[in-house]
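The values are calculated or read from the model by the stated rules, or taken from the named source; none is laboratory data. Keep in mind that this is a model prediction, so the values were computed, not measured. Reconstructed Cβ throughout: ideal geometry from the backbone, glycine too, with neighbour counts over all protein chains shown.
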Amino acid sequence: MCLYPFQPTPKSRQKTMNTQEQQAILTIALLAAFADGSKADTEREAIKNIADSLGHEAGGAGMAQLYQDVLLKRVSMPSAVQALADPSHKQLAYEMAVCVCDADGRKSPAEAAFLADLKRQLALVGADTERFEQEEAALVEASSATLAVVAPLPAAATAPSTPPGAAGPSDAELDKLILNASLLNGALELLPQSWASMAIIPLQVRLVYNIGQAHGVALDQGHIREFIAAAGVGMTSQYIEQFGRKLLGGLLGKVAGRMVGGVGRAATGMAFSFATTYALGQLAKRYYAGGRVMNTALLQETFQSLLAPAKQLQTQYLPQIQQTASTLDAGKVMAMVRGGPAA
């Protein structure tokens, strides 16, 4: 099943989503994020900041209030579900909840129970739901298997190999590695399938792994995940941010697997994962080159200082992001997550 291209949905089949429906889906996503009650304080704070940011960008859509309502249990799943009448919106709410629960690579028993209840209340049956569950489960399995033994990035995104005894890769070589990985993750965020963004985190882990390797540091996925979290890049919060921007920007009005609007419109406000990946890669380059002496506060401060110029670069590289997206399909995404070539 091809994840691309973006094709305009015929106007007669477009399903316009109003503010109440947007907020209902966002509420379900936030309920999913806190379904197991085990989110760390840093992740909770990251989700709160994203809710505030999305609320401002949407002209006061009430995201900050939604966050408080979910955290304080002033809103329930049945009330959110009741606000969704269109089958495509119900399907989207379920897909987002599943991806949020699996964003950290695992689903707890509490999250599994939450999703089963959500699916029942949404009364979802049919081929679309089954296809999504199969694709999403396959991606989660591939991600888990890959991250158990972190594999190198696909050949197109790796830095040149360094012979034993030779000097390590130059800044230019590492910058190329980081840029290619950022282009790829920016492209993944533009794909219409809701689960496509879940491939971003495993590829960010692999990027950090390769940078550490380039500096002679042997890393496992546990250390890399801790490094990414210390930088302030939460796994669940990152997915909610990607999803929230698409939803509030009108880019998740899906009918028959297509996005409303063309790739140009979609790319204008998206590809934030380019900036996040680029800043994370540059941070890792500094961290491992400097002997890993940065504390958490310095890591977060440095990451934020790198994020602003990375967002400027994302605008500059938008055509390349779009071009990369046009070459991706489901098979290539799965191959990259497993650590194989994208071809």
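Can you name every residue in the stretch 320-334 that is in contact with a helix residue (DSSP H, G or I) (Cβ under 9 Å, 6 or more places away or on another chain), assigned to a helix (DSSP H, G or I) and not β-branched (Val, Ile, Thr)?
320, 322, 323, 325, 330, 334
For the stretch 137-144, indicate whether the set of residues that are more than 22 Å from residue 37 (Cα to Cα), surrounded by 19 or more Cβ atoms within 10 Å (Cβ to Cβ), in contact with a Pro (Cβ under 7 Å, 6 or more places away or on another chain) and of a type outside the set (Lys, Arg) is non-empty.
Yes; the residues of the stretch 137-144 include at least one that is more than 22 Å from residue 37 (Cα to Cα), surrounded by 19 or more Cβ atoms within 10 Å (Cβ to Cβ), in contact with a Pro (Cβ under 7 Å, 6 or more places away or on another chain) and of a type outside the set (Lys, Arg).
List, please: which pairs have Cβ atoms under 7 Å, are six or more places apart or on different chains, and start with a residue in the stretch 178-206 that is more than 11 Å from residue 333 (Cα to Cα) and in contact (Cβ under 8 Å) with a residue 12 or more places away in the chain and end with one that is crowded, with 23+ Cβ neighbours inside 10 Å and among the acidic types (Asp, Glu)?
From residues that are more than 11 Å from residue 333 (Cα to Cα) and in contact (Cβ under 8 Å) with a residue 12 or more places away in the chain, the pairs are 194/95.
Of everything in the stretch 216-231, what is touching a Leu at 6+ places or on another chain (Cβ under 9 Å) and in contact (Cβ under 8 Å) with a residue 40 or more places away in the chain? Give them in sequence order.
As a first pass, look at the stretch 216-231 and keep what is touching a Leu at 6+ places or on another chain (Cβ under 9 Å): 221, 224-225, 227-228, 230-231.
Listed by number, the residues that qualify are 221, 224, 227, 228, 230, 231.
Residues of the stretch 303-316 being more than 19 Å from residue 184 (Cα to Cα), touching a residue at least 40 places away in the same chain (Cβ under 8 Å) and either among the polar types (S, T, N, Q) or part of a loop (DSSP other than H, G, I, E, B) (or both), which ones?
304
A quick yes/no check of all residues on (1) touching a helix residue (DSSP H, G or I) at 6+ places or on another chain (Cβ under 8 Å); (2) modelled with pLDDT of 80 or more; (3) assigned to a loop (DSSP other than H, G, I, E, B); (4) surrounded by 15 or more Cβ atoms within 10 Å (Cβ to Cβ):
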| position | (1), (2), (3), (4) |
| --- | --- |
| 1 | yes, no, yes, no |
| 6 | yes, no, yes, yes |
| 26 | yes, yes, no, yes |
| 55 | yes, no, no, yes |
| 91 | yes, yes, no, yes |
| 96 | yes, yes, no, yes |
| 104 | yes, no, yes, yes |
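Report the residue count in the stretch 36-53 for those that are at pLDDT below 75 and not in a helix (DSSP H, G or I).
So the count comes out to 3.
Can you tell me which of 267, 297, 284 is farther than 23 Å from residue 171 by Cβ, of a type in the set (A, V, I, L, M, F, W, C) and modelled with pLDDT of 90 or more?
297
Quick check on my filter: what residues within the stretch 71-82 are modelled with pLDDT of 90 or more, hydrophobic (A, V, I, L, M, F, W, C) and in a loop (DSSP other than H, G, I, E, B)?
The answer is 75, and nothing else.
So residue 85 fits all but one of (1) at pLDDT below 85; (2) of a type in the set (A, V, I, L, M, F, W, C); (3) in a loop (DSSP other than H, G, I, E, B); what number is the exception?
(1) is the only condition that residue 85 fails.
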